[in-house]
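The values are calculated or read from the model by the stated rules, or taken from the named source; none is laboratory data. This structure is a prediction, so every number in the text was calculated from the model and none was measured. Here the Cβ positions follow ideal geometry from the backbone for every residue, glycine too, while neighbour counts run over all protein chains shown. With ligands, DNA and RNA removed, areas are computed over all heavy atoms of the protein, side chains included. Shrake-Rupley method; radii C 1.70, N 1.55, O 1.52, S 1.80 Å.
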Amino acid sequence: MSTIHGLAAVADANRRLADRVRTALVRLQVPAFRALSVEVRAGTVHLDGDVGSFYEKQLARACSRAIPGVFHVIDTLRVVDRTSDSGPRRAG
């Protein structure tokens, strides 16, 4: 297998794993999960975006870890307060 084909296979595997993680998150029916960014590199899932509570943050991490092929989860998820009339703001 050439290096180019090997890299393409790895990229395809990363994309398929990210798709499985996204599908699992959406199935939880948490509205914020639809907008999360999910990227995968070599079995490490990177989650980014805004969630409504610490519980949602932990749920996204646990759901991602449960997918076969995921070895590690790194998140830069932000908990935001969506109850304000002025729009989202970071929970303090």
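Computed quantities for the displayed model
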| item | result |
| --- | --- |
| Packing-based order for 22-33, 42-53, using average beta carbon neighbours within 10 Å, highest first | 42-53, 22-33 |
| Other-chain or far-sequence residues with amide H under 5 Å of ARG78's (modelled H) | GLY49, ASP50, VAL51 |
| Computed lengthening from ALA13 to ARG78, 0.36 nm per intervening residue step minus Cα-Cα distance | 20.7 nm |
| Of all accessible heavy-atom area on the stretch 26-87, the percent that carbon and sulfur account for (1.4 Å) | 52 percent |
| Whole-number D in µm² s⁻¹ for the stretch 3-65, Kirkwood Cα-pair radius fed into Stokes-Einstein, 25 °C, 0.890 mPa s | 200 µm²/s |
| Sequence-distant residues sharing a close amide H with VAL73 (under 5 Å, placed H) | VAL45 |
